[in-house]
Amino acid sequence: MVSRPHGGRLVNRVVPEKRRERLLEEAEELPRIELPLEYAVDVENIARGVFSPLEGFMVQEDYLSVLYDMRLSDDTPWTIPIVLDIDPEELGEAKPGDELALCYRGEAIALLTIEEVYGWDKREYAEKVFKSVDPRHPGVARTFRRKELLVGGKIDLLRSVPTKFDRYTLWPIETRVLFKARGWRTIAGFQTRNAPHLGHEYVQKAALTFVDGLFINPLVGWKKPGDYRDEVILAAYEALIEHYYPRNVVVLAVLRTSMRYAGPREAVFHAIVRKNFGCTHFIVGRDHAGVGNFYGPYEAWEIFSEFPDLGITPLFIREAFYCRKCGGMVNEKICPHGEEYRVRISGTSIRKALRAGQRPPEYVMRPEVADVILSFENPFVGE
């Protein structure tokens, strides 16, 4: 059965057409907050139910509850604070009860009704969310660059945020209809920020052996330098699905939000989001949303034991490797052979080969996938 939305109902904060023109006119007279893309897309994620049960940016009670207890103030599991930081000058004379126009590229996309404005301790945030205050952690570095105040309150979406990924965009209300139309009762969600190699394919197909459908949901948005560019990931998955999956067992759609690199906390957050899309299961990577050596090898699995009431089943599928003796992709539970037969899949070595214009070995990456990646002049962020 398609999962119930997190918190019990799918949030809809999209302004109906008949009210939109009037509110857009009113927005022209309001204090304006210009948002970067990463916040603009999260405004839309709130409004369209991706972040259910949130109806806006967090007030202080929810913020602190999430920071310390990994739950909203009503005890609903939630692990990453969704907050809007602003400077005092941006706020001006606005106070609780007033409205702000949230803008992207000069156009109002939403209204925010201020419930609370409060200060925050960025170091405390980093320690709790990232388990580190080391500025070499990309999430920590970004936190220390954020603004002085947080503003909490419900939002009303006036306009969609422009995207070049229209054909890959589905909202929870749409995926839920699609899954039911396909007759899927059980759906495994797969989060990724990488182009697929055979280890990913192995994990996805392992999940598909006991669920009805697979929801591949690449994250598009801010990533650190060296990650695959969004359009590369999507083109690579198109090639994989076309050549190596049966028809109608996979839905491919994007999740527009930033990578936080928050490791175990982000693994739970990613599961909640896929629950809102309708997934009943969620594939959790061994080092899910990790970066460098900031998290232990199985922390992203262990944290789920703290959330028996999450409402989505985590799937812990062991890391796959190629065994020369077995002649295929296996994992340590099903392969009896020694390390001398095992070829570990290294994202670093795959990237090195691709940067050199070479296909990685076929036991690491499908040739059709490699060829698609190589067709891009600069497949990686910041290169």
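General remarks:
- The stretch 246-279 versus the stretch 50-84: alpha-carbon centroid distance in Å: 18 Å
- Rolled with a 1.4 Å probe across the full set of protein chains, the surface gives Cys335 an accessible area near 10 Å².
- The chain - convex hull of the alpha-carbon atoms, volume per residue in Å³: 145 Å³
- Within-15-Å neighbourhood charge of Glu340 [Cβ basis; K, R +1; D, E -1]: +2
- Hits among lysines - C-alpha to C-alpha of Lys122 under 26 Å, sequence gap 8 or more where chains match: Lys95, Lys131, Lys147, Lys154, Lys223, Lys224
- Carbon/sulfur fraction of accessible area - the stretch 1-137, other protein chains in place, 1.4 Å, %: 45 percent
- Whole-Hz couplings from phi, Karplus 6.51/-1.76/1.60, listed for the stretch 330-338; x for Gly and Pro: 9, 9, 5, 6, 10, 10, x, 8, x
- Rounded to 10°, Cα long-axis angle of helix 37-47 versus longest principal axis of the chain: 80 degrees
- Three-way shape label, the stretch 85-166, alpha-carbon gyration tensor, a/c 1.5: oblate
- Mean separation of Cα contacts under 8 Å, 6 or more apart, over the residue count of the stretch 195-354: relative contact order %: 21 percent
- Between Arg145 and Arg22, the C-beta separation translates, for a Förster distance of 41 Å, into a calculated FRET efficiency of about 0.65.
- DSSP-defined beta bridges in the stretch 241-383 - what % are antiparallel, rounded to 5: 65 percent
- By a 1.4 Å probe calculation restricted to protein chains, Val2 has an accessible surface near 20 Å², given to the nearest 10.
- HN-Hα J in Hz across the stretch 115-124 - Karplus 6.51, -1.76, 1.60, θ = phi - 60°, x for Gly and Pro: 9, 6, 10, 8, x, 8, 9, 5, 5, 4
- The residues of the chain present an accessible area of 44 Å² per residue when probed at 1.4 Å with all protein chains retained.
- Gaussian network model of the chain, springs between alpha carbon atoms under 10 Å - residue of Asp85, Asp62, Asp74 with greatest fluctuation: Asp74
- Using alpha-carbon coordinates, inclination of helix 198-208 to the longest axis of the chain, degrees: 80 degrees
- Our estimate of slack between Arg136 and Arg123, defined as 0.36 nm per intervening residue step minus the Cα-Cα distance, is 3.3 nm.
- Rolling a 1.4 Å probe over the protein heavy atoms of the stretch 233-370, with every protein chain left in place, gives an accessible area that is 48 percent carbon and sulfur.
- DSSP bridge pairs, the chain: antiparallel proportion in percent, nearest 5: 55 percent
- Helix 172-181 vs. the chain, principal-axis angle (Cα, 0 to 90°, nearest 10): 40 degrees
- Judged by the gyration tensor of its Cα atoms, with axes a ≥ b ≥ c, the stretch 1-93 is oblate; a/c meets the 1.5 cut and b/c is at least as large as a/b.
- Fraction of alpha-carbon pairs over 22 Å apart in the stretch 219-370 - percent: 53 percent
The values are calculated or read from the model by the stated rules, or taken from the named source; none is laboratory data. Computed from a predicted structure; not experimentally measured. Neighbour counts are summed over all protein chains in view; Cβ atoms, including those assigned to glycine, are modelled from backbone coordinates with ideal geometry. Quick note on the areas: whole protein, heavy atoms, side chains included, nothing else; ligands and nucleic acids left out. Shrake-Rupley method; radii C 1.70, N 1.55, O 1.52, S 1.80 Å.
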